[in-house]
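A quick write-up on the structure given underneath.
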Amino acid sequence: MESVSPAAAWVDAVVGRLQNGTPTCAVVVGAPGSGRTALLRAVVERAAGLDIPIVIGPPTLPLAADSLSIAVADDLHRWPAQLLDAVVAEVAAGRMSLVGATEARSHDLALRRATEVADRSALALTMPIMGTAEVLTRAGRLGLTLTPSTASQLRRRCGGARGIVDAALRALRDSEPNPAGGEGDPLTVATRIARDAHHRLLLRLDDATVAVLVLASVRAPLDPDSVAETLGIDRATALVGLDRARGTGLLGGSDVFASAAREPLREVVGDARIADLRRRAISARLRAPELSADDALGAVGAGIDDPRLVDVLLAEAESIAVTAPTRAATMLSAADRAAPGRADVR
């Protein structure tokens, strides 16, 4: 017997509570393309026959006293905090149900409260990225046959986002096979579809969020204070930018930037802006009380002139000359570029 996926089980549980007339708060969390919107559509389709008013989007408050309506809303992260709190309060009072989807926002207090209410009824669902087995299943439904290796590579190129994977599989189904690696090649198709999807996503983001993604792409620190100092914004704004950047799905669990989105990021932001943010991030690190050898190495590579750099690089080279001679040579080379002809480096 085929097991029921967590997503299908969530839809069943939500519709079951709505059918019983139980005021419900249900929230699905996922990045763009994760499939969260499809789950809301599934709930609406199955709840349409329950003879309960369904409001798509933010409801108008206060509600009619004799109406137990269902508010179904995508993008809860765009709602004003006051409205979301008021709707959750209406659910708690037994006057309505809320079925919503949102990007992850760890620092948004209103979203956290709504998710916690949903979690108490086991109706908070986080959409994971796709696995290779799911790619193979979805490909099979479209009549496509992929090897596990190809499915795995396709998944990675699409960042594990269901919407992008599905678009790539549909495009592959509709294209002519090309074993030589042209447009009919699965990975060529996936790369093109993913690039276009990431490009569109990046164009929709605000400047602070894009700047955080750039910092992640150059492996700059992403703690709130470092981001605030690098971008010249206050800490609260930095936290919002970090939340939004992580909610895009372009950052992994350790804030590693998705390799598939590097080229679209460069196209949207431009090489000059990326280089400028990299220099600003390194300059911010140079203002720290202690300077690491890696920070000094990065600063030299970015063309930053600071008298401390040579001293840090030289000290590192001397300390590892025996145990790591190749790295020591790299440090000395960088020191020589920073201060050509300096006697102690020579």
Would you confirm, using the coordinates I've provided, whether P221 is farther than 25 Å from P80 by Cβ, in contact (Cβ under 8 Å) with a residue 40 or more places away in the chain and surrounded by fewer than 20 Cβ atoms within 10 Å (Cβ to Cβ)? yes
Before we move on, is V240 under 21 Å from H107 (Cβ atoms), open to solvent by less than 30 Å² (accessible area, probe 1.4 Å) and of a type in the set (A, V, I, L, M)? no
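Only helices (runs of 4 or more DSSP H) wholly contained in segment 247-332 count here; list those with 2 or more residues that are touching a residue at least 12 places away in the same chain (Cβ under 8 Å) and in contact with a Cys (Cβ under 7 Å, 6 or more places away or on another chain).
none
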Step by step: first the residues of segment 147-162, then only those that are open to solvent by less than 40 Å² (accessible area, probe 1.4 Å) and not basic (K, R), then the one that is nearest to A31 (Cα to Cα). Which residue is that? A161
Among residues of segment 76-98 being small (G, A, S) and within 26 Å of P32 (Cβ to Cβ), the residue least open to solvent (accessible area, probe 1.4 Å) is S97
Identify, from the list R346, R342, the residue that is touching a residue at least 24 places away in the same chain (Cβ under 8 Å), open to solvent by 20 Å² or more (accessible area, probe 1.4 Å), farther than 22 Å from L215 by Cβ and part of a loop (DSSP other than H, G, I, E, B). R342
For I56: the one exception among (1) within 18 Å of R36 (Cβ to Cβ); (2) surrounded by fewer than 13 Cβ atoms within 10 Å (Cβ to Cβ); (3) under 21 Å from the mean Cα position of the chain (by Cα): (3)
For the list (1) of a type outside the set (K, R); (2) free of Cβ contacts under 8 Å to residues at least 24 places away in the same chain; (3) under 30 Å from V240 (Cα atoms), I need the number of the one condition that L136 fails. (3)
Could you count how many residues in segment 96-139 are under 24 Å from P53 (Cα atoms), in contact with an Asp or Glu (Cβ under 6 Å, 6 or more places away or on another chain) and in a helix (DSSP H, G or I)? 0
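Is there a residue being more than 24 Å from the chain's Cα centre (by Cα), more than 20 Å from R244 (Cα to Cα) and not charged (D, E, K, R) anywhere in segment 99-114?
Of all residues in segment 99-114, those more than 24 Å from the chain's Cα centre (by Cα) come to none.
No; the residues of segment 99-114 include none that is more than 24 Å from the chain's Cα centre (by Cα), more than 20 Å from R244 (Cα to Cα) and not charged (D, E, K, R).
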Name the residue that is modelled with the highest pLDDT, counting only residues in segment 59-87 that are of a type outside the set (S, T, Y) and over 30 Å from the mean Cα position of the chain (by Cα). L61
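Which residues, taken from segment 79-112, are of a type in the set (K, R) and over 26 Å from G249 (Cα atoms)? Write out each step before concluding.
Of the residues in segment 79-112, the ones of a type in the set (K, R) are 95, 105, 112.
Selection gives R95 alone.
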Give A101, A110, A73 a once-over and let me know the one that is free of Cβ contacts under 8 Å to residues at least 40 places away in the same chain, under 30 Å from R157 (Cα atoms) and open to solvent by less than 10 Å² (accessible area, probe 1.4 Å). A73
Which condition number does A38 fail, the rest of (1) closer than 30 Å to A261 by Cβ; (2) part of a loop (DSSP other than H, G, I, E, B) being met? (2)
Hits in segment 141-160 (condition: part of a loop (DSSP other than H, G, I, E, B) and over 16 Å from V256 (Cβ atoms)): L142, G143, L144, T145, L146, T147, C158
Can you tell me which residue is surrounded by the fewest Cβ atoms within 10 Å (Cβ to Cβ) among those in segment 224-237 that are part of a loop (DSSP other than H, G, I, E, B) and touching a helix residue (DSSP H, G or I) at 6+ places or on another chain (Cβ under 7 Å)? D234
All conditions in (1) under 22 Å from A161 (Cα atoms); (2) buried (at least 20 other Cβ atoms within 10 Å of the Cβ) are true of G131 except (2)
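The values are calculated or read from the model by the stated rules, or taken from the named source; none is laboratory data. Note that this is a predicted model, so its numbers are computed, not measured. Glycine gets a Cβ as well: all are built from the backbone with ideal geometry, and neighbour counts include every protein chain shown. With ligands, DNA and RNA removed, areas are computed over all heavy atoms of the protein, side chains included. Shrake-Rupley method; radii C 1.70, N 1.55, O 1.52, S 1.80 Å.
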